[in-house]
Amino acid sequence: MLKCIFFSILATKLARIMEEGIKINTTQNVLINYQPAGVGDRMLAALLDGAFKAGYGFIVYIIIVIFVAGSAASGNFNENTMWTMMAIYTILFLPLMFYSIVMEQFFGGQTFGKKIMKIKVVKLDGSRAGFGAHLIRWIFRLIDFSITFNLGALISIAVSEKSQRLGDMAAGTTVVSLKQKVTLQNTILYRPKIEHKIVFNEVNKLSDKDVGIIKEVFDHCTRNSDYNGLKQLAAKVKAKMEITSSMPDSQFIKVVLLDYSQYQFEK
């Protein structure tokens, strides 16, 4: 009975989160709405990762069997051989133990399973999770999955506002879906007009990251009629590009975005 009630609460909670999304406030005070990764996607990602690890484990097992068989056939199987075998076995199995932390660290918050399911780990400020966050999530796997038989993760996801397991809460991360449909307008680029000519050649001093932030802040200020924010943004962009302009702030930012898009398309 209690089990049914729990899963009913969990389903209701997850349905609300999936509908509303996960609101993440970036370091630029821009509110971004992410779609949380569904439990089904997480489970499938975990199963795929399990399959990858099982395949690797099988290969290691075959290597050990071949090593033992070769030693036995040559009559060299002794205590030293056994210790050598155990050392090789331990070294070859280390990737299985540290699989999630290594993969998520070097593949931007994704394991093979997460990459296939198009989900990833992100920090709550919208930035990429660092090694410390991945390490904390890895340590808490013991509680979330092993000791509690996955119930720890399910319960924490049920009560969390941002669909987090205990490891995510401790690390300040969550898992989001990358499956949203994205148009060119949602990216850092605006589709340049055919007749548009670059006004500020200094846009070559900007990086994709710079323009991504500019667009996020500009969209946020425009939606909220934050004219003071637009003024500050325009001032910072001018300083970054080392230029002056008498254009109105909103028009100036639009031109910069169009210039950067044209610059990228002409490269």
Among the residues that make up the stretch 251-265, is at least one of them free of Cβ contacts under 8 Å to residues at least 40 places away in the same chain, in a loop (DSSP other than H, G, I, E, B) and either at negative phi or open to solvent by less than 50 Å² (accessible area, probe 1.4 Å) (or both)?
no
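For (1) part of a helix (DSSP H, G or I); (2) farther than 28 Å from I213 by Cβ, each residue gets a yes or a no:
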site	(1), (2)
G113	yes, yes
I116	yes, yes
D125	no, no
A129	no, no
R137	yes, no
R141	yes, yes
A153	yes, yes
I157	yes, yes
Do the conditions hold for S127, that is, is it hydroxyl-bearing (S, T, Y) and more than 18 Å from the chain's Cα centre (by Cα)?
no
Restricting attention to the stretch 196-215, and to residues there that are free of Cβ contacts under 8 Å to residues at least 40 places away in the same chain and among the acidic types (D, E), which single residue is least open to solvent (accessible area, probe 1.4 Å)?
D210
Members of the stretch 60-84 that are at pLDDT 80 or above and either within 38 Å of the chain's Cα centre (by Cα) or exposed (fewer than 10 other Cβ atoms within 10 Å of the Cβ) (or both):
V60, Y61, I62, I63, I64
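The values are calculated or read from the model by the stated rules, or taken from the named source; none is laboratory data. All of these numbers come straight from a predicted model, not from anything done at the bench. All Cβ positions, glycine included, derive from the backbone under ideal geometry; neighbour counts span all protein chains shown. These area figures cover heavy atoms from the full protein model, side chains too; ligands, DNA and RNA do not enter into them. Shrake-Rupley method; radii C 1.70, N 1.55, O 1.52, S 1.80 Å.
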